[in-house]
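The values are calculated or read from the model by the stated rules, or taken from the named source; none is laboratory data. Quick caveat, the model's predicted, so the values are computed rather than measured. Cβ atoms come from the backbone with ideal geometry, glycine included; neighbour counts cover every protein chain shown. Keep in mind that these areas ignore ligands, DNA and RNA; they rest on the heavy atoms of the full protein, side chains included. Shrake-Rupley method; radii C 1.70, N 1.55, O 1.52, S 1.80 Å.
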Amino acid sequence: MDRTEDAEPRGETAQRAERAAAVLRARIAAGEIPPGAKLPEVQLCDELEVSRHTLRSALQTLGAEGLAERRPNVGVFVHAPTLEDLAEIYRVRRVVEIGAVRQAAFDAPALEELAALVEHAQQRAAADDVAAVAEANQRFHRRLVAQAGSEQLSTFMERILARMRLVFHVMRGEPTFHVEFAAGNAELVRLLRADDRDGAERHMESYFDHAEQLLGARLS
């Protein structure tokens, strides 16, 4: 059923669209809606309790973020990542995350939180819970960037992590992929605790180079 929001102030309609985009972004990031899946307008309007106009605004937002794409006369689909997408994502991650490693202050509580996320990932790896390892790794990188103290940067990182989840979908048959990078996160914590920022930067460069190479081989 379509809904009308003509009587609402424009700001409230925009907020509805933002909330709808946030819900869909979270579902995509969680892997609930995989790359290539169609985003059916009628069904989503009912699920999200919004009008078609509001939903289309939300889908435009996801399109601008690289998470969705409209195919003329067919519909809107979750974006299926390409090698070009992968290269762009890792260009951005190098700037954002290595910048955080270089400039942010990592006090004892922050380092303990990062270490706890690594420990959780390793515990879940021992239990063969690959999905939980992947989620813990993403929380680790989210926390790393949050330490820079910029709300805008953290919001931007959320969008990058959502795009990463689309890329990670190609590794769903490789249970050791996320486990390997949990070990890399542990090494980063060790370097930060030693206040070896140069070493931490070099480690992150190598970490990203290796991840991009592995993912690129699967996307090729």
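Rounded to whole Å, give me the distance from the Cα center of region 47-67 to that of region 147-216. Taking the Cα centre of region 147-216 as reference, the centre of region 47-67 is 29 Å away.
Extending 7 Å from Cα along the Cβ direction at R52 and again at A22 yields two label points whose distance is 2.7 nm. As a calculated quantity, the FRET efficiency between A37 and A127 at R0 = 41 Å, using C-beta atoms, amounts to about 0.90.
Contact order, relative form, for the chain: 24 percent (alpha carbon pairs under 8 Å, 6 or more residues apart, mean separation divided by residue count). Per atom type, the chain shows carbon and sulfur on 50% of its accessible surface, probed at 1.4 Å. Between amide H atoms placed 1.01 Å from N, distances below 5 Å from A68 occur with G63, H79, all of them 5 or more places distant or on a separate chain.
Selection among L114, I89, I33 by position relative to the dipole of region 1-150 gives I89 as farthest towards the positive end (Cβ unit charges, Cα centre). Rounded to the nearest Hz, the phi-derived 3J(HN,Hα) couplings of region 127-136 under the Karplus curve 6.51 cos²θ - 1.76 cosθ + 1.60 (θ = phi - 60°) are 8, 6, 9, 4, 4, 5, 5, 4, 5, 5, where x marks glycine and proline. What the pair-distance distribution of the chain shows, using all Cα-Cα distances binned every 5 Å from zero, is 1, 7, 14, 17, 18, 14, 11, 8, 6, 3, 1, 0 percent.
A 1.4 Å probe run over the protein chains yields, for the chain, 52 Å² of accessible area per residue, whole-number rounding. Of the residues M164, M204, T176, the one whose Cα sits farthest towards the positive end of the charge dipole of region 155-214 is M164 (charges of +1 on Lys and Arg Cβ, -1 on Asp and Glu Cβ, taken about the Cα centre).
Adding -39500 (n - 2.57) for every DSSP H run of four residues or longer, then dividing by how many residues the chain holds, sets the calculated 222 nm ellipticity at -24000 deg cm²/dmol.
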